[in-house]
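Report on the following structure.
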Amino acid sequence: MRYVKWTLIVLFWLLVAAVLHYTLPQHDIARITDTYEKRIDPGENSLFWAVHDVGSDATTANRDVFFIQTRGANGKVMVYRNEDTGWSWPPYFKVNSSNLQAEAADMKSTAENPKWVVIRHYGWRNEFMSIFPNAVGIRPADGPDQRIIPWFNIVFLIVLFALFWAVWVRWRRFRAARLDPMFERMGSNIDAAGDSIAEKSNRFRRWLNGWKAK
């Protein structure tokens, strides 16, 4: 049971880490090479697509999605989707995908005359499952080597760790003050009941043996 317990604990924390890594904002520095719009029919990967744009018809299965193509200073290509999140998860409350697409189109550049931008996004890129990170903000960068410190993520993780620690400490205190004594009393009562049953059983056997001897 010890291995099962630790396996469940490890799986739980891996799930928490995956959710945080997918949800928390990340920053990439790249130049925008193109912007376009494409009709999407979400299927098995629908979990990794956002909701319909705010104010649009949410009853249709397919929809048009904005995309932003980029190339980093290392030459790697990255494609971002540009979808509203509205009031759904994750809580970015993004409702300006059209404006962001216009900003991205205005910042397009070539390799000969690059315009470096900082792309704030969340999510993952998986070519096999056709998953794209969702861009939530674009701003000009000082250059391809600009250093970005993720202050929001640092503060958020510190606060989250503090909350987990506070809940854990209070749970330990509650268990030591209330649950452990109750379990000890229950165990003592069970042991006492077992001893009483055993004593009664022994008395019955002695009576039965004495009756047989007569």
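A short reminder: the numbers here are calculations on the coordinates, not readings from a lab. These figures come from a predicted structure and were not determined experimentally. No Cβ is skipped: glycine too gets one built from the backbone with ideal geometry, and neighbour counts run over all protein chains shown.
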Explain nothing, just compute: Karplus ³J(HN,Hα) = 6.51 cos²θ - 1.76 cosθ + 1.60, θ = phi - 60°, for every residue of segment 134-148 in order, whole Hz, x for Gly and Pro. 9, 6, 10, x, 9, 8, x, 9, 6, x, x, 9, 4, 8, 10
With label points built 7 Å along Cα→Cβ from the Cα atoms of residue 156 and residue 12, find their separation and express it in nm. 2.2
Amide H to amide H under 5 Å from residue 73: which residues, 5+ apart in sequence or cross-chain, H placed 1.01 Å off N in plane? none
Using amide H atoms built 1.01 Å from N in the peptide plane, name the residues 5+ places from residue 94, or on other chains, whose amide H lies under 5 Å from its own. 85, 86
Can you tell me how much longer the chain between residue 124 and residue 168 gets when fully stretched, taken as 0.36 nm per residue apart minus their C-alpha distance, in nm with one decimal? 12.7 nm
Quick one: which residues, 5+ away or cross-chain, put their amide H under 5 Å from the amide H of residue 116? H built at 1.01 Å from N. 141
Stretch residue 26-residue 139 to full length: gain in nm at 0.36 nm per residue minus the Cα-Cα span? 39.3 nm
Enumerate the calculated ³J(HN,Hα) couplings along segment 77-82 in order (Karplus 6.51 cos²θ - 1.76 cosθ + 1.60, θ = phi - 60°), each rounded to whole Hz, writing x wherever the residue is Gly or Pro. 8, 9, 10, 10, 8, 10
